[in-house]
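Here the structure comes first, spelled out in structure tokens, and everything after it is commentary.
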Amino acid sequence: MKATQLAFVLLMIGSGTAGAVAMPDQSQLQVSKATPTFTPPAESALPDNAFGQQVREGHALFVDTRRLMPEAVGNGMNCSNCHLDQGRLAFSAPLWGAYPMYPAYRKKNDKVNTFAERIQGCFEFSMNGTPPAADSPQMKALSVYAYWLSTQAPTGVEIAGRGYPEVAQPQGGYDFARGLQVYREHCALCHGDDGQGQQVAGEYVMPPLWGKDSYNWGAGMHRINTAASFIKHNMPLGKPGSLSDQQAWDVAAWINRHERPQDPRLVDGSVEKTRLKFHANDGVNLYGQHVDGVLVGQGTAP
Ligand code: HEC
Ligand code: HEC
């Protein structure tokens, strides 16, 4: 089956499994593409006092998460790998676009989430780890950092630049072979031929895109649509917006057909049950589907 046909079948399966009531996507933000005007404060503006100290700590945890919080991080990632320029960059889910929008209801866990709970979600899935407690010193520092970046932003009003604005699925869907081509030409130089990133002295200097040190099957980035949005606006690093929508979708599909750590919400040890419960209505994704006869979503050994 061609990828484009597969995408269609996925859509059909996706809409069928929830029964009569089609659930909306579980966690995706719908954000605007309006030109960002908000500017977070400069680091030089930080006061040299107890508050400034907390901001600096939060910043350090955000950019050096794996090294500073080994007990909470189960892969090779730092927060700033997906929230670029230290959580400051527009269209890269900047912290200043997020902080003023919480508490907020999230379909993903079906409750109103505080900002700390939202961050815990990224620890559990994107970092494949064990979230720190909401009242832990680390969570406090991360929240203080996000609060400071949001200085003078309005609360409860979405500001331009939040999230990764949607890149609509191209007419013909996506294609793995084309995705591999894009990958070789535009990504492999940094992320490696095998998607494993690059390490220097045991630390990643280029993050992995799949495998045991990548985001897990429960992470937002496992959705092809979310990865395509991130990629279109942020990759190749230094050349944002240079790929066509089609290229972004093709390479996102190529990345997200590869194995990564299991979804920690795994139901009864069954990929099929987990697909029905958590993935059938979660954007465009391959979890629990067969690609070239192989079941996707089996997870990697830790
Ligand atoms: C593998 C990529 C990845 C990593 C690593 C990652 N995140 Fe995220 N993060 C995402 C995605 C994807 C979203 C959802 C964006 C959307 O829904 O459009 C998100 C959303 C968020 C949001 C909410 C954004 C909003 O506007 O509501 C916050 C806050 C956040 N992440 C913080 C963190 C923190 C703190 C860390 C490190 C502990 C982290 N993230 C690590 C990918 C990642
Ligand atoms: C010049 C080097 C470079 C190139 C080329 C590049 N990336 Fe990246 N990529 C990075 C770096 C570095 C990060 C982490 C950013 C940070 O920490 O500031 C990243 C982050 C990512 C992430 C989120 C983090 C993760 O590991 O999951 C994805 C997904 C990604 N890149 C995909 C791509 C794709 C797809 C291409 C090709 C279209 C590409 N990159 C090309 C350097 C590069």
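Here are the numbers for the structure shown:
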| item | result |
| --- | --- |
| Average silhouette area of the range 200-302, convex hull of alpha-carbon atoms, in square nanometres | 7.3 nm² |
| Integer Hz, Karplus 6.51/-1.76/1.60 couplings in order for the range 200-208, x for Gly and Pro | 10, 6, x, 10, 6, 9, 10, x, x |
| Cut-off under 5 Å, modelled amide H: who pairs with Asn113 long-range | Ala104, Tyr105, Arg106 |
| Equivalent-ellipsoid semi-axes of the range 26-109, from the Cα gyration tensor, Å, largest first | 23, 20, 13 |
| Where only C-alpha atoms are counted, convex hull volume of the chain per residue in Å³ | 141 Å³ |
| For Gln199, residues with placed amide H under 5 Å, excluding near neighbours | Val205 |
| The range 98-175: projected area of the alpha-carbon convex hull, averaged over directions, in nm² | 7.3 nm² |
| Built amide H within the under 5 Å cut-off of Val291, gap 5+ | Val296 |
| Tilt relative to the chain, helix 176-186 - C-alpha long axis, 0 to 90 degrees, to 10 | 40 degrees |
| Cα long-axis angle, helix 245-255 against the chain (0 to 90 degrees, to the nearest 10) | 80 degrees |
| Relative contact order for the chain, counting Cα pairs under 8 Å that sit 6 or more residues apart, in percent | 22 percent |
| Residue with peak Gaussian network fluctuation, the chain [Cα springs, cutoff 10 Å], from Gln262, Gln181, Gln171 | Gln171 |
| Cα convex hull of the range 21-175, projected area averaged across orientations, nm² | 11.3 nm² |
| Set Lys212/Lys273; Lys239/Lys277; Lys33/Lys273; Lys111/Lys273; Lys140/Lys273; Lys33/Lys111 screened for pairs whose C-alpha atoms are more than 32 Å apart | Lys239/Lys277; Lys33/Lys273; Lys140/Lys273 |
| Longest to shortest principal axis, alpha-carbon extents of the range 155-253, angstrom | 44, 38, 28 |
| For the range 81-192: relative contact order, % (alpha-carbon pairs under 8 angstrom, 6 or more apart) | 33 percent |
| Protection proxy ranking of 97-107, 201-211, 74-84, 220-230 - average other beta-carbon atoms within 10 Å, highest first | 220-230, 74-84, 97-107, 201-211 |
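Read-outs throughout are calculated quantities, based only on the coordinates presented, and are distinct from any laboratory measurement. On a predicted model such as this, the values are computed, not experimentally measured, just so you know. Glycine gets a Cβ as well: all are built from the backbone with ideal geometry, and neighbour counts include every protein chain shown.
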